[in-house]
Ligand SMILES: [Zn+2]
């Protein structure tokens, strides 16, 4: 058992876990949460707003998962392959369980509806593509009835890991620029693109190699500052999903959160504030089922413990944590976050399967 697992297991004894330690919303609980917190969508209502409801990888109808950073919906079969690839490739989330931040759901919905899949499958869709002219073997996209292994899984790896169907930048194809110069040019284009609502362009630029943390020397800001200034909530989600640093400082010493506030984009400012605490919030929700209210200055909720049962094992674990170097602690928290993500997704998968029994 890894260290992260041990921590989850240890703390489970001192909280009131639901469904074996994974906080799962029943319909009634979910409704209650949404009533109390209008910022959280009730998926049963918003699911109908997802416009292209087929699996992006095999075309199966009624997909029950989404890949947040890929901007596509997935069936449970294809999702299982995405999960095996890791969160750095695909961040999957159930459409049927749990809660979604409205801005994340809008972002996924918008990206899916406006052709994110055509970015990942450009050369499959474009029959006049130069790649086909060059004799690239014709690849058939799987259909829902194809076997998961090897047909769907091989296709998913080609599409999402090796990016073989993605259109390269003209600048790169024609050998005009390369290396750092190419990245800088794509990043400058991204810096300009995120002020508009055109998500697909920003996605293409990121896929082609634009740096989400590019600091524009003349404009003295990063793409996240620009999106915050122009109130582009979905562009902010795209940048965060692709590794943009929420704490980046612009030429005036301001973070994107401060830029959003100074431009009266209060909903975006709230979302950026929440994003600062995403890791601890997710872990706290998992352990105790409550999310801290950051707007009121509450950033942590310590799960209630049964003082009479604090074990020797927990005391030893706490003492050890006190002396862990920062870098190692950071890695430990990342492991813990991944473990929470795995368990929540596993629980969603089990519930999804039980619906069909
Ligand atoms: Zn599928």
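In table form, for the structure just shown:
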{"read-out": "Residues satisfying the stated conditions in region 61-87, i.e. more than 12 Å from the ligand (Cβ to nearest atom) and assigned to a loop (DSSP other than H, G, I, E, B)", "value": "68, 69, 70, 71, 86, 87"}
{"read-out": "Lone unmet requirement of (1) under 17 Å from residue 81 (Cβ atoms); (2) modelled with pLDDT of 95 or more; (3) surrounded by 13 or more Cβ atoms within 10 Å (Cβ to Cβ); (4) over 26 Å from the mean Cα position of the chain (by Cα) for residue 145", "value": "(3)"}
{"read-out": "Counted residues, region 101-110 - those being surrounded by fewer than 21 Cβ atoms within 10 Å (Cβ to Cβ) and either in a loop (DSSP other than H, G, I, E, B) or touching a strand residue (DSSP E or B) at 6+ places or on another chain (Cβ under 6 Å) (or both)", "value": "2"}
{"read-out": "Residue 166, sole failed condition from (1) assigned to a loop (DSSP other than H, G, I, E, B); (2) over 21 Å from the mean Cα position of the chain (by Cα); (3) more than 16 Å from the ligand (Cβ to nearest atom); (4) modelled with pLDDT of 90 or more", "value": "(2)"}
{"read-out": "Qualifying residue in region 94-108 (condition: over 19 Å from residue 233 (Cα atoms), away from the ligand (no atom under 16 Å from the Cβ) and modelled with pLDDT under 95)", "value": "yes"}
{"read-out": "Every residue from region 152-163 that is surrounded by fewer than 16 Cβ atoms within 10 Å (Cβ to Cβ) and either on the phi < 0 side of the Ramachandran plot or within 14 Å of the ligand (Cβ to nearest atom) (or both)", "value": "154, 158, 161, 162"}
{"read-out": "Filter result for residue 335 (outside the structural domain of residue 99 (by TED's automatic domain parsing) and crowded, with 17+ Cβ neighbours inside 10 Å)", "value": "no"}
{"read-out": "Odd one out for residue 220, checked against (1) within 23 Å of the chain's Cα centre (by Cα); (2) at pLDDT 95 or above", "value": "(1)"}
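The values are calculated or read from the model by the stated rules, or taken from the named source; none is laboratory data. If you're wondering where the values come from, they're calculated on a predicted model, not measured in any experiment. Backbone-built Cβ (ideal geometry, glycine too); neighbour counts: all protein chains shown.
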